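Each remark here refers to the structure printed beneath this line.
Quick note: the coordinates plus some simple rules give every number you see, no bench work behind them. This is a predicted model, so every value here is computed, not measured. When we count neighbours, we look across all protein chains shown, and the Cβ atoms used for this are built from the backbone with ideal geometry, even at glycine.
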Amino acid sequence: MSKLYVPKNYKPLLSVKETEKAIVLLKDFFQLALSTELSLTRVTAPLFVKSGTGLNDDLNGVERPVKFPVKDMNETQVEIVHSLAKWKRMKVTELGLESGFGIYTDMNAIRADEELDNLHSLYVDQWDWCMRIDENDRTIDCLKEIVKKIYRVLKQTEFFVYDRYENIKPCLPADITFVHADDLVKMYPGKSPKERETAFCKEHGAIFIIGIGGKLSDGTIHDGRAPDYDDWITPGPDGRPGLNGDLMVWNPVLDCAMELSSMGIRVSKESLKSQLEERGCPERAELTFHKKLLNGELVQTLGGGIGQSRLCMYFLRKAHIGETQVSMWSEEMLRECAENNIAIL
């Protein structure tokens, strides 16, 4: 069955033609503001990488990448990226960037195992970014400062849209609220991680949940994270694990918490070993990327991804991600959308 949520009396604030123009304006503004705020230079990204190198993002470790053999390379297997979490670290190292400077790129991916709904698509487009940091910057305070900078860019983008389309009213709060995933466990006993996100985000409007992937006080994890890019095991000053997190905003159209970005300080040699052991996959240490990291050949970085279509969907007040990107949907979902003023591109 279709997992479409239809907002009551939904009517787009922009026509399809206006939406297409607004998407270009919004993306151009956001990426310039982001690169300026974080001192990032643009680089060109791969659409696929060689299988068996450990370069692709394994997400939760169960999603299957789209693979194909290359005829002119002796049938070498390559796979479409899920994201560029590890590739970016190698690129920053290769460029020899100094601490405080980094890269961003347009990342296009296919996630064939995605469950399709208002927010999730087979096609993923995001700004993947990554910056070099010093070893002594592997702290929650450093991560929070970067989150605040990104939130400033979100606020600027919100005004940019409102200045051009007066019927799209700003609604982001003045500041973003930080919370550890373990705090949410204690604040909302008996609720699922998704229910905790919903309750807290509805109250605060814009939140950053710290500690995605690490074990919480009740023995669970808030959400899955691969063991080889974000550091979710190193404890902060309060002893709780996690140097990463998710940035979420309250979506007034869908009446739900909406993740716009995930980011984190990347693993050190020590935390990589620990996380591989905890996830039961120590054999990954023999892959190309992991060997480089364990041999001290990669610089320390902090990075993340920001969904492009999701960002446009949020700021243009759309009910479905298919209103801001072209992908594939079930016939049932397309029919429901057509019947409810949701103009899928």
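Mean separation of Cα pairs under 8 Å and 6 or more residues apart, divided by the residue count, gives the chain a relative contact order of 21 percent. For LYS291, the aspartates and glutamates whose Cα falls under 12 Å of its own Cα, not counting residues fewer than eight places away in the same chain, are ASP228, GLU283.
Mind checking the angle between helix 140-164 and the chain's longest principal axis? C-alpha axes, 0 to 90 degrees, to the nearest 10. Between the helix axis and the principal axis of the chain, the angle is about 30 degrees.
Within the set of other residues whose C-beta is less than 15 Å from the C-beta of MET313, count the net charge using Lys and Arg as +1 and Asp and Glu as -1. Around MET313, the surrounding residues sum to -4. Exposed loop sites here mean GluC sites (Glu not before Pro) with a DSSP loop assignment and at most 12 other beta-carbon atoms within 10 Å; the chain contains its longest site-free run at 167-296.
When the chain is treated as a GNM with alpha-carbon contacts under 10 Å, the residue of THR301, THR19, THR324 showing the greatest mean-square fluctuation is THR19. Full extension of the chain between LEU95 and LYS169 yields a length gain of 22.5 nm, computed as 0.36 nm times the residue separation minus the alpha carbon distance. In whole angstrom, how far apart do the alpha carbon centroids of region 171-233 and region 260-289 sit? Using only Cα atoms to place each centre, the spacing works out to 20 Å. Working from label points 7 Å from Cα in the Cα-to-Cβ sense, the GLU278 to GLU332 distance is 3.8 nm. Can you give the longest run of the chain that contains no trypsin sites (Lys or Arg not before Pro) sitting in a DSSP loop with at most 15 other Cβ atoms inside 10 Å? In short, 9-190.
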